[in-house]
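Chemist: Have a look at this one before I ask anything.
The values are calculated or read from the model by the stated rules, or taken from the named source; none is laboratory data. Just so it is clear, the structure is predicted and the values come from calculations on it, not from any experiment. Note that we place each Cβ from the backbone using ideal geometry, even for glycine, and neighbour counts take in every protein chain shown.
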Amino acid sequence: MDMAVDLGTSDFKVYVEGKGIVLNEPSVIAIDNYSGEVVAIGNEAYAMLGKTSARVTVTHPLSNGVISDFSLAEQLISYYLKKVSSAKLFMPRVVVSVPCGITEVEKRAVVDAITAAGVRKVCLIEEPVAAAIGAGVDIAAPHGAMIIDIGGGTTDIAIISLNGIAVANSTHIAGMEFNEAIVKYARRKYNLIIGERMAERAKIAIGCAYPRKKLETFNLKGRNTQSGLPETTVMNSDEMIEALIEPSIGIVRTVQEALEATPPELLADIFVDGIHLTGGSANLYGLATLISKKTKVPVIVAEEPQNCVAIGAGQAIKFIDSINVGGSHGKMNPLVAYY
């Protein structure tokens, strides 16, 4: 049973060949500070976020798409892979998505953490390439395709042609940065301290990077900085634009830099076909419109953008057989092999 893993900063997804995405849970883990033992993983740990005592810490072992705490990441990966497999002897081959800008050391950490879960072969695929496959783009053609994958911790931008990345750019402005911007705005505008989960809920409900046709509102619940008492404030979608415009423009700038570095022949293809937008934050209202207005290039939001990387990595499982130590028998392969 071969599988693919999307090691996201926010969510951990597992794709099993022939079944599709079988697991989609938050990449969070709760630790008992006294004993050092794991209290909860995934949905159970996420439910504790912002509600823990001094005894329990809820943490993200993956930060900006790479492993920040190796031992916790190992436990998280092992737990999820065992959850997916019912077999006692579990030795699958796994395709893992990684951000395009990561170092060899970070790649090695991913491989070691996955291998520790009892995997016999690990192949890496760069996230924008996986996202392109998941969005239905033909990456093998001698034709330029531009992908913007906005995840939880990183935004990866790539121009892909002939199964490879011609130009790549990435930034740490992504979904979590949007949440942070909402937290800061609520404190600055309303003197209200809100948690990460409240910011996430507000972003999903009324988040936008471009004016909505109809004004939407959301009740923010938090603590007043002056009185120290609980308070509820109504935030509207126009205020949400004020909160999110800075990180949104940060992503636009990164896109513009990638376009400036793109060879003219590939650029001509992108102007005709448009830019493909994937990742969970692609669902943010008006973000595609903002990017399109600022770059003068049409932007297409993929179907199920939050699952494109996992689906694309899953579809790349078929390339595992054609990869070996010496290459891939003359065929260009989107995977990077590790054993």
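Chemist: Check Ala158, Ala186, Ala166, Ala141 and return the single one that is closer than 24 Å to Gln306 by Cβ and not hydroxyl-bearing (Ser, Thr, Tyr).
Modeler: The unique qualifying residue is Ala158.
Chemist: Considering only residues that are in a loop (DSSP other than H, G, I, E, B) and not charged (D, E, K, R), look in segment 24-49 and name the one that is nearest to the chain's Cα centre (by Cα).
Modeler: The qualifying residue nearest to the chain's Cα centre (by Cα) is Ser27.
Chemist: Could I ask something else about it? Can you tell me how many residues within segment 129-154 are out of contact with any Cys (no Cβ under 6 Å at 6 or more places or on another chain) and not in a loop (DSSP other than H, G, I, E, B)?
Modeler: Qualifying residue count for the region: 10.
The rows are residues; the columns are (1) at pLDDT below 90; (2) of a type in the set (D, E, K, R); (3) more than 22 Å from Asp149 (Cα to Cα); (4) touching a helix residue (DSSP H, G or I) at 6+ places or on another chain (Cβ under 8 Å).
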residue	(1), (2), (3), (4)
Asp6	no, yes, no, yes
Gly20	no, no, no, yes
Tyr34	no, no, yes, no
Met48	no, no, yes, no
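Chemist: Go through segment 146-165 and report how many residues are surrounded by fewer than 24 Cβ atoms within 10 Å (Cβ to Cβ) and in contact with an Asp or Glu (Cβ under 7 Å, 6 or more places away or on another chain).
Modeler: Of the residues in that region, 1 qualify.
Chemist: Moving to a separate point now. Could you check Leu72 against (1) in contact with a Pro (Cβ under 7 Å, 6 or more places away or on another chain); (2) of a type in the set (A, V, I, L, M, F, W, C); (3) in a strand (DSSP E or B) and say which number it fails?
Modeler: (3)
Chemist: Look at segment 6-23 and say how many of its residues are buried (at least 18 other Cβ atoms within 10 Å of the Cβ), in a strand (DSSP E or B) and either over 12 Å from the mean Cα position of the chain (by Cα) or among the small types (Gly, Ala, Ser) (or both).
Modeler: Going through segment 6-23 one residue at a time, the tally reaches 4.
Chemist: Right, here's the next one. So for segment 71-90 (the condition being among the acidic types (Asp, Glu) and either without any contact (Cβ under 8 Å) to a residue 40 or more places away in the chain or under 26 Å from Asn163 (Cβ atoms) (or both)), does at least one residue qualify?
Modeler: So far as segment 71-90 goes, no, none of its residues is among the acidic types (Asp, Glu) and either without any contact (Cβ under 8 Å) to a residue 40 or more places away in the chain or under 26 Å from Asn163 (Cβ atoms) (or both).
Chemist: Would you mind stating whether Ser78 is among the polar types (S, T, N, Q), under 15 Å from Asp11 (Cβ atoms) and not in a loop (DSSP other than H, G, I, E, B)?
Modeler: When the stated conditions are applied, Ser78 does not pass them.
Chemist: May I ask you to verify whether Asp321 is touching a Cys at 6+ places or on another chain (Cβ under 9 Å), among the charged types (D, E, K, R) and not in a loop (DSSP other than H, G, I, E, B)?
Modeler: Judged against the criteria, Asp321 is not a match.
Chemist: Next question. Name every residue in segment 50-67 that is closer than 27 Å to Ile102 by Cα, modelled with pLDDT under 90 and not in a strand (DSSP E or B), in order of residue number.
Modeler: Result: Asn64, Gly65.
Chemist: Would it be correct to say that Leu290 is assigned to a helix (DSSP H, G or I), surrounded by 15 or more Cβ atoms within 10 Å (Cβ to Cβ) and not polar (S, T, N, Q)?
Modeler: Yes, satisfied.
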